[in-house]
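The values are calculated or read from the model by the stated rules, or taken from the named source; none is laboratory data. These numbers come from a predicted model, not from an experiment. All Cβ positions, glycine included, derive from the backbone under ideal geometry; neighbour counts span all protein chains shown. Protein only, heavy atoms only, side chains kept; ligands, DNA and RNA dropped before computing areas. Shrake-Rupley method; radii C 1.70, N 1.55, O 1.52, S 1.80 Å.
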Amino acid sequence: MTAREQFNAEAAKRILITDGAFGTEIQNWKLDKAAYAGALGLGHDQKGNNDILALTAPHVPASIHRAYFEAGADIAETNTFSANRISQADYGAEHLVRDINVESARMARTIADEFAARDGRPRFVAGALGPTNKTLSLSPDVNDPGYREIDFDFLKDVYREQIDALVEGGVDFVLIETIFDTLNAKAGIMAAIEAGVALGRDLPIMVSMTLTDLSGRNLSGHTVEAFWHAVRHARPLTVGLNCSFGAEQLRPHVKVLSETCDTLIMVYPNAGLPNELGEYDEMPPTTAGLVGEWADAGQVNALGGCCGSTPAHIAAMAERVRGLTPRKVPMPAVRTRLAGLEPMTMAA
């Protein structure tokens, strides 16, 4: 059975649980510069480079993976959100991209398999690709709207390098997440498709959009439905929303996706909105109650947490949705569906 088939089989039985935030959990360790730097001898200060901990302090991300699995997670995301050539350039660690991704994937795979062996329940590993700090759709120069710092092919190659390393490390899926620019996501999708062709097998893709305003658009201006029209061709295993806001603010947009998408829906919001100090105060029962309303309404297939969420949040979610029927994937009428910033569906 392929990873796609196994995931779909499990998703037909129950609402699956993905893990929670990594960045805020790592912050709780209060690591100093030496812990981040390890023995790599890099010239730049590595503090804040969470991805490099796979090489310098692997016990930290390993403990977080274990905590989320203990809390009831079915899916582990690799700690590789910024493990790409563009983001690692800020730390002078571009040459370590492959090593970071391979080791992060191997770590998550080993721990996932360990938990699966305990009770026979499959655990999955999603290789996480963040959006980078560049945008293909918008100019960083207000005086030159046509200027771009990078082009599509360059970003596709950056993603391909990361994807190949994640696959080598043993991931089941490629998760393109926190998508603020739909064109960036399409570069990641093309890279994943090309990687699958090179492997000679299906390499499932998950895509997760992030909203930047309450009207329900990402930074490149696309509504959730327009975004779906733009990525549906990739046959993503899941589509959904992450980060953005808390669950309360995401409610109407989850409903739109649920009604529109003929694939599984995975949503992992922040633990509410941050306070004045940038910290998250929403308690696990509150978050679990809010996402549980989506489950009650039959709108989701997988749930988890993003910024500010903890193993306690994930445990509360898992308990809240236990025994609930997962969303049934709709079969929309066959139409030509296009996307500008708004969706366009041609009449039959």
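See the values below:
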read-out	value
Output for the stretch 28-37, where each listed residue is closer than 22 Å to GLY130 by Cβ and not in a helix (DSSP H, G or I)	ASN28, TRP29, LEU31
Complete set of residues in the stretch 178-204 that are of a type outside the set (S, T, N, Q) and in contact with a Gly (Cβ under 8 Å, 6 or more places away or on another chain)	ASP202, LEU203
LEU55 open to solvent by 40 Å² or more (accessible area, probe 1.4 Å), of a type outside the set (Asp, Glu) and assigned to a loop (DSSP other than H, G, I, E, B)	no
Pairs where the first residue, in the stretch 30-44, is at positive phi and the second is not in a loop (DSSP other than H, G, I, E, B), C-beta under 9 Å, 6+ apart	GLY38/ILE52; GLY38/LEU53; GLY38/LEU55; GLY38/THR56
Selected residue (only one of GLU10, GLU25, GLU5 is under 21 Å from TYR280 (Cβ atoms) and part of a helix (DSSP H, G or I))	GLU25
Answer residue from the stretch 237-262, given it is touching a Phe, Trp or Tyr at 6+ places or on another chain (Cβ under 9 Å) and either in a loop (DSSP other than H, G, I, E, B) or among the hydroxyl-bearing types (Ser, Thr, Tyr) (or both) and is surrounded by the fewest Cβ atoms within 10 Å (Cβ to Cβ) among those	THR260
Filtered residues of the stretch 59-114 (kept if in a loop (DSSP other than H, G, I, E, B), closer than 17 Å to VAL171 by Cα and not acidic (Asp, Glu))	ALA73, THR78, ASN79, THR80, PHE81, SER82, ALA83, ASN84
Only one of SER87, SER139 that is buried (at least 21 other Cβ atoms within 10 Å of the Cβ) and on the phi < 0 side of the Ramachandran plot	SER87
Among the residues listed as PRO311, PRO332, PRO343, the single one being open to solvent by less than 50 Å² (accessible area, probe 1.4 Å) and modelled with pLDDT under 95	PRO343
Residue match in the stretch 249-265 (condition: without any contact (Cβ under 8 Å) to a residue 60 or more places away in the chain and closer than 21 Å to THR132 by Cα)	no
Residues within the stretch 1-47 that are under 30 Å from MET266 (Cβ atoms) and among the basic types (Lys, Arg), tallied	3
Within the stretch 116-134, considering residues that are assigned to a strand (DSSP E or B) and in contact (Cβ under 8 Å) with a residue 60 or more places away in the chain, the one nearest to ASP181 (Cα to Cα)	ALA126
Check on GLY298, part of a loop (DSSP other than H, G, I, E, B), open to solvent by less than 60 Å² (accessible area, probe 1.4 Å) and within 30 Å of LEU138 (Cβ to Cβ)	no
